[in-house]
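The values are calculated or read from the model by the stated rules, or taken from the named source; none is laboratory data. Bear in mind the structure is a predicted one, so any value in this text is a computation, not a measurement. We place every Cβ from the backbone using ideal geometry, glycine too, and count neighbours over all the protein chains shown. To get the accessible areas, we keep the full protein, side chains included, count just its heavy atoms, and leave off ligands, DNA and RNA. Shrake-Rupley method; radii C 1.70, N 1.55, O 1.52, S 1.80 Å.
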Amino acid sequence: MKDYQPIQCELHDGYELACMRRAEHIVSWHDDAGEHIETLRFMDIEVSNSEEYLIADTPDGEKRRIRLDLISSSLPY
């Protein structure tokens, strides 16, 4: 996977707001496994090794951990 590219502060703030509101939104992203599109409930932002991740739940209760710089969809707001 490519090196992490920090996202803009405004975008990061938007993810935090969506997590605080537990927003549900269609999220699209790409990773080594390919392209993904899922409806997710935003739960938290996690930082690990200077990389930021969205922690989200699927409607079935499965957890997703998605690196923020790999998300291509817009925010819910």
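General remarks:
- Test: Y77 is open to solvent by 80 Å² or more (accessible area, probe 1.4 Å), of a type outside the set (S, T, N, Q) and in contact with a helix residue (DSSP H, G or I) (Cβ under 8 Å, 6 or more places away or on another chain): yes
- Y53 in contact with a Leu (Cβ under 9 Å, 6 or more places away or on another chain) and either touching a residue at least 24 places away in the same chain (Cβ under 8 Å) or open to solvent by 90 Å² or more (accessible area, probe 1.4 Å) (or both): no
- Single condition V47 does not satisfy, out of (1) loosely packed, with under 13 Cβ neighbours inside 10 Å; (2) not in a strand (DSSP E or B): (2)
- Selection within region 1-46 - more than 14 Å from R65 (Cα to Cα) and in contact with a His (Cβ under 6 Å, 6 or more places away or on another chain): none
- Pair list, Cβ under 6 Å, 6 or more apart: region 56-73 residue more than 10 Å from H30 (Cα to Cα) and open to solvent by 20 Å² or more (accessible area, probe 1.4 Å), other residue among the basic types (K, R) and not in a loop (DSSP other than H, G, I, E, B): D57/R41
- Of the residues L40, L17, the single one that is in contact (Cβ under 8 Å) with a residue 60 or more places away in the chain and out of contact with any Leu (no Cβ under 6 Å at 6 or more places or on another chain) is L17.
- Checked against (1) modelled with pLDDT under 95; (2) loosely packed, with under 13 Cβ neighbours inside 10 Å; (3) not aromatic (F, W, Y), T39 passes all but condition (1).
- Residue count for region 22-35 satisfying the condition of being more than 14 Å from K63 (Cα to Cα), part of a strand (DSSP E or B), open to solvent by 50 Å² or more (accessible area, probe 1.4 Å) and touching a residue at least 12 places away in the same chain (Cβ under 8 Å): 3.
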